[in-house]
Each structure stands twice: as structure tokens, then as C-alpha cells.
Amino acid sequence: MLHFSPCTDSTNRSRSMAVRTRLTWMQEKNLQTHFGGKQFTLLYKASVHEFSAYDLFKRCYDQGPIVVVIYKEHYVVGAYMKSCKKEEKIPIVLFALEENTISECKISSYVPTELFYDGGGRRNDLEFHINMRKQVMTLNLDTSEKLRLPHMQASPFQECEVFRCEDLLDRRTLEGINELHESLLSAVNTYKPHKNLVPQVRILLLGPTRAGKSSFFNSVKSVFRGHVTHQALVGSEATGVSDTYRTYSIKDTVDGNFLPFILCDTMGLHERGKGLCVDDIAYILKGHISDRYQFNSMKPITPSHCNYIHYPLLKDRIHCAAFVLDVNSVKYISHEMIAKIKEIRRQLIKCGMPHVVLLTHVDSMQLITKGDLTDIYRCIPVKHKLEAVHKKLGFALSDMLVVSNYTSEWELDPIKDVLILSALRHMLWISDDFLEDLTARGNKNLVA
């Protein structure tokens, strides 16, 4: 699984595992998005570092942009500062977070110590100020109304946290992405199937129409070509674009040799009537169906068909299968589709065929940003989707892979590339498990 950037989930906000924010994942994600797609690093927590303006500034001066979050019984209130420096007046943006709604208002520029203090009186004209020692906050009437809050005069609060705001994709993170990108490219390029039993492993793509099967092939080819390409037709019709079985090889642009895998694209699954005939799948798995066979939704291939391979070799067989699902459509999968996928899965298990789930379109999920793709398996909405697939279809969580296909982009993105390459490498690994299992069982047909 991908994990090469600072953690962003709510249980890992700071470098110290003992200090955790009270913000939920959703609250933090809303604030991060509201302030321009930032990541938060917890610098100060009053209940841990003391309710003291002195301790707050000791930890937060010269840290760049910061967000101060104040927790009251029924509200979360805060302040955003583009910088926090001694004796420098700074523009302040106040905000209130209630459920998923954020209200904000700009107030005058202040030296931070005017607003956060430990004792003594304060000017009556301040729009907002906090006595850290007494744990009370004051908002004047006008500011309270702008934030849609009740008037707060020396109103008690329970907690105060301060976060450093950083770009989600800083230079260090991007360097790590590029290093991983090159490592994965090399790993796939140099991969050799188990004991060289076959020249290329075959990966079968299955799934409902419009799930992203053809787009996944196009994305893989784009990664290795170095530019976005759309060889396989992609469309939006409910019945899919193609009713033809296609086997796609990709050439290495450096030496011109074929890469060590073939992606096999099938007709989309449909609830009833139309779509891939389930009885064809056994013939595909065993290598009886050749490239460009035109599927018939009503009946499977027969030995008399010109595309039927009577004596398939090991190289003609499928070595790994992937169910491709649109992550945003998981909750809408019909009972008929669930039954069809489970029936196909039983066939795969009967054949000893390793299989995974490939969840596409993850970048279009609500609140998921480009920065989240670097640590996608820790994102709470993605975890919920994986758990939903597990509950509905029975796949193990460890057999689910998340990708973001190239669908409308003109330029490659190394973050998307890493997700695609990571999924592909995992499928190569389990293809090797299948080949190794065949040799362990002493299969008599191990002829490439």
C-alpha cells in the first residue's frame, strides 16, 4: 500500500504519537480544503502544553501560517494567520465550524499577543481575544453575528490547539513521489514471471460497464509511453462501448521489447440480458478465447467458432483477474450485479485464480484532494468504501487496490502514476503466486 508522505489522518497529527487533535477527520478535511488545500501539523495543545499564551507562542512563533482552533461545548471557533511573529501586526481571519459548515470573517490586523494573553485587561474595542489562563474567549457582538454565533463575553472554552499549515505537496514529498515512481517503473520493467514459465502474465479485467476497465489499460500504457494515450475506446453508454475481447501488450519505449504482462479487456457486466455472458468466463480463464472475439450476451463461445483455441498453452491462460469497480458507485450496486460478481468469483476460486478488486475514480470522491492520493489508504472515506465492498461482495480488504485513471487529462501526473504502478505490481506478484502454485501441484501442461 502507498505510504510515503506525512500522515494526515486524525490519529497521527503530530510527530509525537501522544498528542492528538480533537478534530475529526471530516472537520480537519473541511478546514484544510477551506484554507486552500493544506495539511495540518499540530504544534500546540493547551491541555498538554498548558493553558498559557507564553507556551502557545513559544511553540508557534516563526512557523509560517497557523490555524488556532478553540473548542467550546457546542462550537469550534478559530483564527487563521498567514504568519505568527513577535511585534508584527498580522491580518486575522476568524472562523466557526459547525458540522460541515464553515463561516468566516476578516478582522483588523493585530500583534498576536494582543489577542492571546495570560492576564490583565484588554481594550474594549477588540473584536476577538482570549485569556488563556482563565480559559475564556470574547467575541464582540458584530463579529459573533458575522460568524452566526451567540454573543460571547468571557465565554469558557475546553481546549485550544494550534496547527502549522503546509502545502500538501511540498518539495520533500514530491521528491519522494518521484523516487518511488522510478522504483516502481524499474520493478515492473524488470519483472520476470515465475521460472520464466510464460513470456508475459495475463491479467483479466472484469467489471460493470463504465467502471474503468478500458481506462485502466489506457492509463497503464500512458505511464509507460510517457504521455497520455487512449488506445482502448472509452465511452459513457449504459451498455458499454465494446463487445469485443481484447488482449493488449505494451512495448517498452527504451528497448522496444514487450513488457512482461498482457491486459485482457472484456465486455462489461450487466444486471440482466445484456453484457458479458458469465459462461464465457471459464473459456477465457482457460485460454480458449483469442483476441478480438466478439461476445454474444445470450450464449458462450463454442468450439466451432473461428476464435476458439482448442489446445491453449499456459501462456494463453489467465494468471490473475481484477474486478474493476467505480468507487463512487459501490453503494449503488444492484442485487443482480452483486449476485453476478459472486458467481464469477466462485468460478475464479474453483480454478485457483488469484483476484483483486480495482477501485477507480478515487480522485473524484468528495473531499479527496490530490495530496490525499499520496496516502490514499489512510483516508477515512476510502476506508469506508473498502469496508463497503468487503461487506457487499466478500473480498478481503488486502485484495483491494485503489487507482486514479487518466480520463480527461492531457499531462501525466507522477502521483497517479504511482497508484497505477503499485496496483500493477501487486497483480504481477499474485500472478507469480498462481504460477508457483501450478508448479507445486506438478501441473502437466506447463508449456509456454
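One table, with the values for the structure above:
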quantity	calculated
Qualifying lysines (Cα of each under 23 Å from Cα of Lys370; at least 8 residues distant if same chain)	Lys29, Lys38, Lys82, Lys213, Lys221, Lys383, Lys385, Lys416
Separation of the Tyr308 and Gln294 label points, Cα + 7 Å toward Cβ, nm	1.8 nm
Karplus 3J(HN,Hα) series, Hz, for segment 402-411 with 6.51 cos²θ - 1.76 cosθ + 1.60 (x for Gly, Pro)	10, 9, 10, 6, 7, 10, 10, 6, 9, 10
Reciprocal mean inverse distance between Cα atoms of the chain - Kirkwood radius, Å	25.0 Å
Tail beyond 23 Å, pair distance distribution of segment 25-167 (Cα, percent)	27 percent
Solvent exposure of the chain as accessible area per residue, Å², 1.4 Å probe	46 Å²
Angle between the chain longest axis and helix 414-440 axis [Cα atoms, degrees, rounded to 10]	40 degrees
15 Å beta-carbon shell around Leu358, net charge (K/R +1, D/E -1)	+2
With every protein chain in place, the chain: carbon and sulfur % of accessible area (1.4 Å)	49 percent
Surrounding net charge for Ser334, when Lys and Arg each add one and Asp and Glu each subtract one, Cβ distance under 12 Å	+2
Calculated SAXS-style log₁₀ I(q)/I(0) at q = 0.15, 0.18, 0.20, 0.22 Å⁻¹ - segment 195-297, Debye, Cα scatterers	-0.64, -0.89, -1.05, -1.20
Amide H within-cut-off set for Val201, under 5 Å, with H built and near neighbours excluded	Phe261, Ile262
FRET efficiency for Thr33 and Arg425, using Cβ-Cβ distance with R0 set to 35 Å, rounded to 0.05	0.65
Under-5 Å amide H pairs with Lys251, H placed in peptide plane, nonlocal only	Leu259
Hits among aspartates and glutamates - C-alpha to C-alpha of Lys106 under 19 Å, sequence gap 8 or more where chains match	Glu88, Glu98, Glu114, Asp125, Glu127, Asp142, Glu145
Calculated from backbone phi, Karplus (6.51, -1.76, 1.60) coupling profile of segment 193-209 in Hz, x at Gly/Pro	x, 3, 6, 6, 5, 9, x, 9, 7, 9, 10, 8, 9, 10, x, x, 4
Cα-derived Rg to Rh of segment 352-393, Kirkwood definition	1.03
C-alpha center-to-center spacing [segment 153-230, segment 271-324] in angstrom	30 Å
FRET efficiency, Lys251 to Glu175 (Cβ-Cβ, R0 30 Å, nearest 0.05)	0.55
Degrees between helix 213-225 axis and first principal axis of the chain (Cα, 0 to 90, nearest 10)	80 degrees
In degrees, nearest ten, helix 380-393 long axis to first principal axis of the chain (Cα)	40 degrees
Potential extension, Leu126-Glu182 segment - 0.36 nm per residue separation minus Cα distance	14.7 nm
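The values are calculated or read from the model by the stated rules, or taken from the named source; none is laboratory data. Everything numeric in this text was worked out from a predicted model, so none of it was measured. Cβ coordinates were reconstructed from backbone atoms using ideal geometry, including for glycine residues, and neighbour counts include every protein chain displayed. Protein only, heavy atoms only, side chains kept; ligands, DNA and RNA dropped before computing areas. Shrake-Rupley method; radii C 1.70, N 1.55, O 1.52, S 1.80 Å.
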